[in-house]
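The values are calculated or read from the model by the stated rules, or taken from the named source; none is laboratory data. Because the structure is predicted, anything quoted here is derived from the model rather than measured. Backbone-built Cβ (ideal geometry, glycine too); neighbour counts: all protein chains shown.
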Amino acid sequence: MSDQIPSNVEYALVEMNGAAYDGRVTITFDGDGRVAGQAPCNRYFGQVGATYPAFALNSVGATMMACDALDAEAAYFAALESMTTAEVSDGTLTLSNDVGETLVFGAP
């Protein structure tokens, strides 16, 4: 287990709440508290407002392109904003919250 989320590593979402995720969703941390990534339709960005292993994403913004996966994107953003804990282990980033929801990302 790491003592922080590695900077400039693009993680890809592989599992959401226990189910395999087959879309293209990514997240990258820059080391200064900023986060960016690709959601199912749009690029997004925000600021981590907590110290690892706590996780709180603040000020989330996104581009405004339309696509057929806007429902999946809304579900991802809602899940991402509800996460409260981060854990990095063996190239896997797991975000979770106190109701048992998880987002699992793998590094290339």
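A few points about this structure:
- The set of residues in the stretch 1-25 that are free of Cβ contacts under 8 Å to residues at least 40 places away in the same chain and under 16 Å from THR94 (Cβ atoms) comprises ALA19, ALA20, TYR21.
- Filtered by the rule that a residue be in contact with a strand residue (DSSP E or B) (Cβ under 9 Å, 6 or more places away or on another chain), among the hydroxyl-bearing types (Ser, Thr, Tyr) and surrounded by fewer than 16 Cβ atoms within 10 Å (Cβ to Cβ), the stretch 44-62 gives TYR52, SER59.
- MET65, sole failed condition from (1) surrounded by 15 or more Cβ atoms within 10 Å (Cβ to Cβ); (2) out of contact with any helix residue (DSSP H, G or I) (no Cβ under 9 Å at 6 or more places or on another chain); (3) of a type in the set (A, V, I, L, M, F, W, C): (1)
- Looking across the stretch 76-108, the residues that are of a type in the set (Gly, Ala, Ser), modelled with pLDDT of 95 or more and closer than 13 Å to VAL25 by Cα come down to ALA79, GLY106.
- Within the stretch 20-62, the set of residues being farther than 15 Å from ASN8 by Cβ and of a type in the set (A, V, I, L, M, F, W, C) comprises ALA20, VAL25, ALA39, CYS41, ALA50, ALA54, PHE55, ALA56, LEU57, VAL60, ALA62.
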